[in-house]
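The values are calculated or read from the model by the stated rules, or taken from the named source; none is laboratory data. On a predicted model such as this, the values are computed, not experimentally measured, just so you know. Cβ atoms come from the backbone with ideal geometry, glycine included; neighbour counts cover every protein chain shown.
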């Protein structure tokens with residue numbers, strides 16, 4: 001986790017994906033890493049406004065690709 005510039009979370013659109021936060025997101029945040037994950041109610045509840053949490057639209061591959069491209073430039 002620490003060797004990555006950006007850690008990826010969950011991007012699904014199911015009800016479960018909207019309600020949960022995977023352990024890998026907590027792990028990456030605990031390591032002080034940047035995380036890109038879907039914009040969900042669960043993420044807002046735990047991480048709203050956190051400077052290392054980056055969000056994109058769930059279930060939208062183009063939004064995910066765009067966010068990765070922008071963040072890779074910003075974080076490198």
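Answer yes or no: is there a residue in segment 19-34 that is in contact with a strand residue (DSSP E or B) (Cβ under 7 Å, 6 or more places away or on another chain) and either part of a loop (DSSP other than H, G, I, E, B) or loosely packed, with under 13 Cβ neighbours inside 10 Å (or both).
Yes - at least one qualifying residue is present in segment 19-34.
Give the residue that is farthest from residue 6 (Cα to Cα), with candidates limited to residues of segment 62-76 that are modelled with pLDDT of 90 or more and exposed (fewer than 11 other Cβ atoms within 10 Å of the Cβ).
62
Just the residues that are surrounded by 13 or more Cβ atoms within 10 Å (Cβ to Cβ) and outside any loop (DSSP other than H, G, I, E, B), please, taken from segment 1-18.
7, 8, 17, 18
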